[in-house]
Amino acid sequence: MQRKIRLLIVEDEEAIRTGLMDVLVYHGYEVACAADGPVGLDMAMSGQFDLVLLDVMLPGMDGFEICNRIRAEDRDQPVIMLTAKSTDEDIIQGLSLGADDYVAKPFSVAQLVLRVQAVLRRSRVGAEQDATLRLGEDVEVDCRNLQGHRGGEALSFTRREVDMLQYLRLNSDRPVSRDELLAKVWGYAKNLDIETRTVDIHIAKLRRKIEPDPAKPLYLVTVRGAGYRLMVE
């Protein structure tokens, strides 16, 4: 018998925590909860969960710090951040720390379930794709272990960054639009009003890692009016 997918909800508002748990259990997941930061961190670091739903504003320790500590130990742990803050600065901070997605409150429960499904799908599919990506003569990415190097410099990646690189590699004969990346890498339906700055933030992070000069990209280039293209041999 196949085991149920296990989710962890770290949320201090009881009504939201209970509502999320009920909805996710209804959709077939096994769900555990934490109501404050320190307990949530301990549970998240146990390695028992397939995805962590993480509120930003928590007593004892905020979600940004928890996400940062999770990523220091496990770059492949899927994390979705729940936030009442929707400014660019907060979104950038969460994504920069390695969160796979963010959901701004108040949110549609149906949309949240779709995002959970998308992140879980990408975390499994991404691990099965081609293991090594090479760019030019000095950049190599180990897609399974989320590591790589540029010349003599060691690199580390999040699963989402590797998913983007792999999708762009599969479509390297053409530019890929932001909307397509959101649909294919994040799993968002095309009719959802999703903030495309998410894609730009991840592109900028990748360029800082793989490009000799991120301001003048050689491998991950912008095609004006069309999107992004990965230049592979």
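Only the coordinates and a few stated rules stand behind these numbers; no lab work does. Note that this is a predicted model, so its numbers are computed, not measured. Neighbour counts run over all protein chains shown; Cβ positions are idealised from the backbone, glycine included.
Computed quantities for the displayed model
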quantity: Whole-percent pair-distance distribution, where bins are 5 Å wide, for the alpha carbons of the chain; calculated: 1, 6, 15, 18, 20, 16, 11, 7, 4, 1, 0
quantity: Cβ-based net charge around LEU181, under 11 Å, with every Lys or Arg adding one and every Asp or Glu removing one; calculated: -1
quantity: Stretch in the chain that is longest and holds no trypsin sites (Lys or Arg not before Pro) that DSSP places in a loop and that have at most 12 other beta carbons within 10 Å; calculated: 5-189
quantity: Given charges at beta-carbon only (K, R positive; D, E negative), |dipole| of the chain in Debye; calculated: 760 debye
quantity: Pairwise Lys count, the chain - Cα closer than 21 Å, eight or more residues apart or different chains; calculated: 4
quantity: Among LEU170, LEU20, LEU114: highest mean-square fluctuation, GNM of the chain, C-alpha pairs under 10 Å; calculated: LEU170
quantity: For region 202-220 versus region 164-180, the gap between their alpha-carbon centres in whole angstrom; calculated: 15 Å
quantity: Calculated [θ] (222 nm, deg cm²/dmol) that DSSP helices of n ≥ 4 give over the chain, each run adding -39,500 (n - 2.57); calculated: -12000 deg cm²/dmol
quantity: Helix 14-26 axis, angle to the chain major axis (alpha carbon atoms, nearest 10°); calculated: 70 degrees
quantity: Cα long-axis angle, helix 197-210 against the chain (0 to 90 degrees, to the nearest 10); calculated: 50 degrees
quantity: Per-residue Cβ neighbour rank within 10 angstrom, fewest leading, VAL223, VAL52, VAL23; calculated: VAL223, VAL23, VAL52
quantity: Under Karplus coefficients 6.51, -1.76 and 1.60, residue-wise ³J(HN,Hα) of region 65-79 in Hz, glycine/proline x; calculated: 5, 4, 4, 4, 6, 4, 5, 5, 9, 8, 6, 9, 6, x, 9
quantity: Gaussian network model of the chain, Cα within-10 Å springs - most flexible of ASN68, ASN145, ASN171; calculated: ASN171
quantity: Computed FRET value (nearest 0.05) for VAL232 with ARG121, which takes r as the C-beta separation and R₀ as 25 Å; calculated: 0.55
